[in-house]
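Colleague: Quick one: structure below, then a few questions.
The values are calculated or read from the model by the stated rules, or taken from the named source; none is laboratory data. Just so we're clear, the structure is a prediction, and the values are computed from it rather than from any experiment. All Cβ positions, even for glycine, are placed from backbone atoms using ideal geometry, and neighbour counts span all protein chains on display. The area values use the complete protein model at the heavy-atom level, side chains included, leaving out ligands, DNA and RNA. Shrake-Rupley method; radii C 1.70, N 1.55, O 1.52, S 1.80 Å.
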Amino acid sequence: MRIRRITIRGFRGFSEEQHILLDSNVVLIYGLNGSGKSSFTEALEWLFFGEISRQRLSRCKSEYQYEEYLRNLFYSSPDNPFVEVEGSIGGTPVVVRKEITSSGDKLFIDSKEVENFNSLNLNLANYFRPMLAQTEIKALVDSEQKDRWEQLSSILGQDDLTKLRENLIT
């Protein structure tokens, strides 16, 4: 899927609706602390994978037990918070949306409610999530030089490369 634009409202660090254009071959996200970089990547993760790295990597799982951690604390609109992506798949335009509701998440493809995104044939299980959490970056920076290969291959989803490297060294 080629993503052209993401719209986020009421999700994590975004209380107001924000439209972010991504129609480029390379996208660089930068900004001051608290400007929404992590919330942006978490919005994409949540939309497509159903969880965020912060939740997956947390040492305190109860902190993320309920989906209220996804809703912005200052969001006061009666409308559901959401993450929406506009893009194309094989040249065909598509809009994918996920809303946080009191009865659970609602998924939409081109404004039609769906059970899942399987009809898009994205094969999300085969994708590596290239969104780094601060804990992963800290682990890499704090690791000793001899352990950095393992840290990098884990971050890049290349654990098999670590095994191959170990076998070659032996």
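Colleague: Run the quick spin-label model on LYS112 and LYS37: label points 7 Å from Cα toward the beta carbon, then report their separation in nm to one decimal.
Modeller: 4.0 nm
Colleague: Here's a follow-up. Just how much of VAL94 is accessible, in Å², when a 1.4 Å probe is used and the result is rounded to the nearest 10?
Modeller: Approximately 10 Å² of VAL94 is accessible to the 1.4 Å probe.
Colleague: With label points built 7 Å along Cα→Cβ from the Cα atoms of GLU16 and VAL141, find their separation and express it in nm.
Modeller: 3.0 nm
Colleague: Mind grabbing the accessible area of LYS146 for me, 1.4 Å probe, Å², rounded to tens?
Modeller: 150 Å²
Colleague: Given the whole protein assembly as supplied and a 1.4 Å probe, what does the accessible area of ILE137 come to in Å², nearest 10?
Modeller: 80 Å²
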